[in-house]
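First comes the structure, then the notes that go with it.
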Amino acid sequence: MPATLALDTSAPAAAQARVRPSARAALRILWPHVRRHWWLPAITLVTLLVSSVAQIGLAWSLKLVVDAVTGHDRQRLYDAIAVVVALGVLLPLADAVMQLSRSVFGGRVARELKDRVFGHLLLAPAAFHDGRHSGELQSRLSDDVGTVESMVTNDIVNFLQQPLLALGSFAYVLSLNGRLALAVSVIGPGLYLLNRLWGPSLYARSRRAHEAAAALSQFAVDALGGVQPIKALRAEGAVAARFRGALAEQYGARLGEWLLSGVTGTISGWLGFAPFVIVFALGGIWVVDGRLTLGTLVAVVQLMNNIVSPFGNLAGAWRGIQTGRASVDRIGELLAVPEEPSGTALTVAREDPVGQPPPPTAQPARPDAAPAVAVQGVRFGYDPAAPVLTDASVAFTPGAFTAVVGPNGGGKSTLAKLLLALYKPQAGEITWDGRPQGEWPLALWRARIAYLPQEAFLIDASVADNLRLGAPAAAEGDLRAALDRVGLPAADPGFLAMRTGERGKRLSGGQCLRLGLARALLSDARLWILDEPSAALDPEATATLRRTLRGLHGTHTVIVISHSSDLIAGADRVVRVAGGTVTPASVPAGADA
């Protein structure tokens, strides 16, 4: 097995290769956060100015000290020392306030960006998530946002401060000795312009390094989430080899970034040393000849750090901004994914999932009655050229238990996804009490459906927290009643507080599914869709499930996708999905069950 790992992001990577987003696009992404916390950058800017003036003032105060010493003037020396002390108090204070304000600002931007991206991903269509790996999305959410935080906290501030410091220092050197100022005036800007030439290459290398890190993250998520099957297959060595291959790709991408940074840093160091040679050579000669005071030379040497170093730091800040821009662009790609049309309605639906009335032009829904759901002439395919359903039509009897059977890959789960409005039919329509799906607010449609997949969705939290995902206001008594109905230990005082672990690892498969069933019971949903609910259940648990479904008879419309003959035997009706159509089937549906 080759020790390599390929990241399936060819489409975004190709688009990135064709078009490099502009700096203006990156600013549009960050601007709402800058505008919300404008006072923090304002504080940073003010303290930045104070710090720059204080640093230039230190060179001036050193000149005063040296000139007073060489002139044997005690009073001037005392005055100069007082200036040094004052600046020594002011400079650290200004730097501390600046560091605090920019760190808080960067932290707030990072927090809000993560919240913004995560919320947007939750509202992105199911088709988007089908084509993206969760590890790659997680990398963008964590690594890229962290890079943006560093850019906002450090690089942008340096990019503003360093030119200001350099210009102010150069102006002071110019006032002290114009010839020395002109002798070194070309080095700094040349250093900056040279580093600007490497900006596009650094951007591309940084982008590649982030993509490689995302590939490593997504493989690690897959592997660590499947340790038990890996052990059962005795595939530890093969998986470790693939991980090493991913590590090698990431290291190679980062090495290219390091090499370019190293070359630019070396050249910047050479150019940064040249002005000091010039100042010491010319200035030393002029001091010996009496054309320059020793205090002036000391001040110029001190100011050289403020003239030359800022351009080197500016180049470093520019490199950081290029790296940050690559991350902002990757975040922008996620934010550019269109949301489902229910983005605003979703908040309302969470607050009152059943009570929200439909638009006045529509017939009122009946949340207290079993719905009549119908699929009429539906055609759908994940690839439109290869439809899974070609002419699917079925009416689900209100208040009845309908079993859906058929061969694997026949379209049963696809039908469930269409009923949940995760995808839209390419032809035909789905109705609820005669009202087409497209006329319903999407969030309201889904709020009236309880969906239980084969593997119940659980977060690493308490049993109570997992139950309240669908019913945030449920009282503890309601939670215990729901647990009791599905055969879980409702009377155990520690069960509700017990953590389920990642993906419910601390529970058995049957317990996970029962917990999902209890969560559905807490909702006011009148349409239940269960996809292979008895796959992980023993006979006793299956009997509990059948009793639960019988308890819904008449008040809920229940659709169960299953191959279990025992479960199907309790259905009021059985339909078969195969060949792109839906047809009646006999109980217990023969071989398909």
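Taking the conditions (1) free of Cβ contacts under 8 Å to residues at least 24 places away in the same chain; (2) under 30 Å from the mean Cα position of the chain (by Cα) in turn, Ala395 satisfies each one other than (2). Would you point out the residue of the range 84-131, among those that are free of Cβ contacts under 8 Å to residues at least 40 places away in the same chain and basic (Lys, Arg), that is farthest from Asp155 (Cα to Cα)? The extreme case among them is Lys114.
Tally up the residues in the range 410-440 that are over 19 Å from Thr397 (Cβ atoms) and either of a type in the set (D, E, K, R) or under 33 Å from the mean Cα position of the chain (by Cα) (or both), please.
Residues flagged as over 19 Å from Thr397 (Cβ atoms) and either of a type in the set (D, E, K, R) or under 33 Å from the mean Cα position of the chain (by Cα) (or both) within the range 410-440 amount to 14.
For (1) assigned to a loop (DSSP other than H, G, I, E, B); (2) touching a Gly at 6+ places or on another chain (Cβ under 9 Å); (3) among the hydroxyl-bearing types (Ser, Thr, Tyr), each residue gets a yes or a no:
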{"position": "Ala541", "(1), (2), (3)": "no, yes, no"}
{"position": "Arg550", "(1), (2), (3)": "no, yes, no"}
{"position": "Ile559", "(1), (2), (3)": "no, no, no"}
{"position": "Gly570", "(1), (2), (3)": "yes, no, no"}
{"position": "Val574", "(1), (2), (3)": "no, no, no"}
{"position": "Val582", "(1), (2), (3)": "no, yes, no"}
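Pairing residues of the range 53-71 that are in the same structural domain as Tyr172 (by TED's automatic domain parsing) with residues that are of a type outside the set (Lys, Arg) and modelled with pLDDT of 80 or more, at Cβ distances under 9 Å and at least 6 apart in sequence or on separate chains, gives no pairs at all.
Out of curiosity, is Val279 modelled with pLDDT of 70 or more, surrounded by fewer than 20 Cβ atoms within 10 Å (Cβ to Cβ), part of a helix (DSSP H, G or I) and over 20 Å from the mean Cα position of the chain (by Cα)? Here the answer is no, as Val279 does not meet what is asked.
Which one is nearest to the chain's Cα centre (by Cα), of the residues in the range 315-345 that are modelled with pLDDT under 70 and assigned to a helix (DSSP H, G or I)?
Top of the filtered list is Gly343.
Quick one: would you say Asp433 is without any contact (Cβ under 8 Å) to a residue 40 or more places away in the chain and surrounded by fewer than 21 Cβ atoms within 10 Å (Cβ to Cβ)? Here the answer is no, as Asp433 does not meet what is asked. Of all residues in the range 456-506, those satisfying the criterion of being at positive phi and outside any loop (DSSP other than H, G, I, E, B) are Arg503, Gly504. Does Pro407 fit the bill of being over 20 Å from the mean Cα position of the chain (by Cα) and at pLDDT 85 or above? Taking the combined requirement at face value, the residue satisfies it.
Only one entry in Leu552, Leu567 is more than 34 Å from the chain's Cα centre (by Cα) and modelled with pLDDT under 85, namely Leu567.
Would you be able to tell me the number of residues in the range 448-464 that are in contact (Cβ under 8 Å) with a residue 40 or more places away in the chain and over 14 Å from Arg506 (Cβ atoms)?
Residues that pass the stated criteria total 9.
Among the residues of the range 453-460, at least one is surrounded by fewer than 21 Cβ atoms within 10 Å (Cβ to Cβ) and more than 27 Å from the chain's Cα centre (by Cα).
Checking Asp566, Asp484, Asp478, Asp538 one by one, the residue that is in the same structural domain as Leu452 (by TED's automatic domain parsing) and without any contact (Cβ under 8 Å) to a residue 12 or more places away in the chain is Asp484 and no other.
So, in the range 571-581, of the ones that are surrounded by fewer than 19 Cβ atoms within 10 Å (Cβ to Cβ) and not hydroxyl-bearing (Ser, Thr, Tyr), which residue ends up farthest from Ala386 (Cα to Cα)? Filtering the range 571-581 for residues that are surrounded by fewer than 19 Cβ atoms within 10 Å (Cβ to Cβ) and not hydroxyl-bearing (Ser, Thr, Tyr), the one farthest from Ala386 (Cα to Cα) comes out as Asp572. Checking each residue in the range 453-470 for being modelled with pLDDT under 85 and either among the aliphatic types (A, V, I, L, M) or closer than 11 Å to Leu515 by Cβ (or both) picks out Ala456, Phe457, Leu458, Ile459, Ala461, Leu469.
Among the criteria (1) part of a helix (DSSP H, G or I); (2) crowded, with 17+ Cβ neighbours inside 10 Å, the one Ala525 does not fulfil is (1). Taken over the range 432-455, the criterion of being over 17 Å from Leu521 (Cα atoms) and assigned to a helix (DSSP H, G or I) is satisfied by Gln437, Gly438, Glu439, Leu442, Ala443, Leu444, Trp445. Is it the case that the range 135-158 has a residue that's in a loop (DSSP other than H, G, I, E, B) and on the phi < 0 side of the Ramachandran plot? No, the range 135-158 contains no residue that is in a loop (DSSP other than H, G, I, E, B) and on the phi < 0 side of the Ramachandran plot. Residues in the range 95-112 that are surrounded by 19 or more Cβ atoms within 10 Å (Cβ to Cβ) and out of contact with any Leu (no Cβ under 8 Å at 6 or more places or on another chain): Gly106, Ala110. Filtering Ala490, Ala473, Ala447 for residues that are assigned by TED's automatic domain parsing to the domain that holds Thr542, over 30 Å from the mean Cα position of the chain (by Cα) and at pLDDT below 85 leaves a single hit, Ala490.
This table checks each residue for (1) more than 22 Å from Gln55 (Cβ to Cβ); (2) part of a helix (DSSP H, G or I); (3) of a type outside the set (Val, Ile, Thr).
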site	(1), (2), (3)
Asp67	no, yes, yes
His72	yes, no, yes
Asp79	no, yes, yes
Val83	no, yes, no
Leu87	no, yes, yes
Ala94	no, yes, yes
Val97	no, yes, no
Ala110	yes, yes, yes
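The values are calculated or read from the model by the stated rules, or taken from the named source; none is laboratory data. What you see is a predicted model, and the numbers here were worked out from it, not measured in a lab. Glycine gets a Cβ as well: all are built from the backbone with ideal geometry, and neighbour counts include every protein chain shown.
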